[in-house]
Amino acid sequence: MAKTRRSILKRLLLGLLTAILVTLVGMLLLAAALIYLKMDDGLLTVLNQVVKALAIILGVCAAVERGGNRGLATGVEIALIYAASGYAMYLLLGGGSFSAGGMLGEMLLGGAVGALTGAVRANLHPRRIRAVQG
């Protein structure tokens, strides 16, 4: 039982760290694009949401193996932890005041993306290991 819990926690941590890394790289690219391409605020908002969705998708893919189990639950857990911690960091770094609607929107959007990705990933056929022919 303890091994199973430890395995689940390792998978969640791997997925969360992957999502955070993707976010950091995406934000660096967005900052560079903002400086050099002179984007307007509307496009920046859309691209920010795309980066967050991509981070959740890749984080869930790192945590849930093809044909694995707990795909839906793992996807939602990663997405909700990611959204809550991201929103908390936004507030701590002076991004604005707390908005329950904003927080709810982040968690609903992230939860839906994570759940869908986890469910699809868990229902894919596992890859077969091909025999080496000599």
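The values are calculated or read from the model by the stated rules, or taken from the named source; none is laboratory data. In this text, all values refer to a predicted model and were calculated from it rather than measured experimentally. All Cβ positions, glycine included, derive from the backbone under ideal geometry; neighbour counts span all protein chains shown. Surface areas here come from the heavy atoms of the whole protein model, side chains and all, with no ligands, DNA or RNA. Shrake-Rupley method; radii C 1.70, N 1.55, O 1.52, S 1.80 Å.
Screening G96 against (1) over 20 Å from the mean Cα position of the chain (by Cα); (2) surrounded by 12 or more Cβ atoms within 10 Å (Cβ to Cβ) leaves a single unmet condition, (2). Of the residues in the range 79-86, at least one is over 19 Å from G118 (Cα atoms), in a helix (DSSP H, G or I) and not β-branched (V, I, T). I'm checking my understanding of the structure. Among residues of the range 31-53 that are touching a residue at least 40 places away in the same chain (Cβ under 8 Å) and not aliphatic (A, V, I, L, M), which one is farthest from V76 (Cα to Cα)? Among those residues, the one meeting the criterion is Q49.
Annotation for the range 36-55: no member residue is farther than 20 Å from S7 by Cα, in a helix (DSSP H, G or I) and touching a Lys or Arg at 6+ places or on another chain (Cβ under 9 Å).
Close Cβ contacts (under 7 Å, 6 or more residues apart or on different chains) running from residues in the range 3-30 that are assigned to a helix (DSSP H, G or I) and surrounded by 12 or more Cβ atoms within 10 Å (Cβ to Cβ) to residues that are modelled with pLDDT of 95 or more and among the acidic types (D, E) comprise L12/E77. Filtering L17, L54, L21, L80 for residues that are closer than 16 Å to R121 by Cβ and under 11 Å from the mean Cα position of the chain (by Cα) leaves a single hit, L54.
Per-residue answers, yes or no, for (1) open to solvent by 70 Å² or more (accessible area, probe 1.4 Å); (2) closer than 16 Å to L17 by Cβ; (3) not polar (S, T, N, Q):
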residue: V46; (1), (2), (3): yes, no, yes
residue: R70; (1), (2), (3): yes, no, yes
residue: E77; (1), (2), (3): no, yes, yes
residue: G86; (1), (2), (3): no, yes, yes
residue: L109; (1), (2), (3): yes, no, yes
residue: A112; (1), (2), (3): no, no, yes
residue: R121; (1), (2), (3): no, no, yes
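Figure legend. Inter-residue proximity from the range 79-105: first residues without any contact (Cβ under 8 Å) to a residue 24 or more places away in the chain and more than 23 Å from C61 (Cβ to Cβ), second residues open to solvent by less than 50 Å² (accessible area, probe 1.4 Å) and aromatic (F, W, Y), beta-carbon distance below 6 Å, spacing 6+ or different chains. Indicated pairs: M103/Y87. Of the residues screened, V60 is not one that is surrounded by 18 or more Cβ atoms within 10 Å (Cβ to Cβ) and over 11 Å from the mean Cα position of the chain (by Cα).
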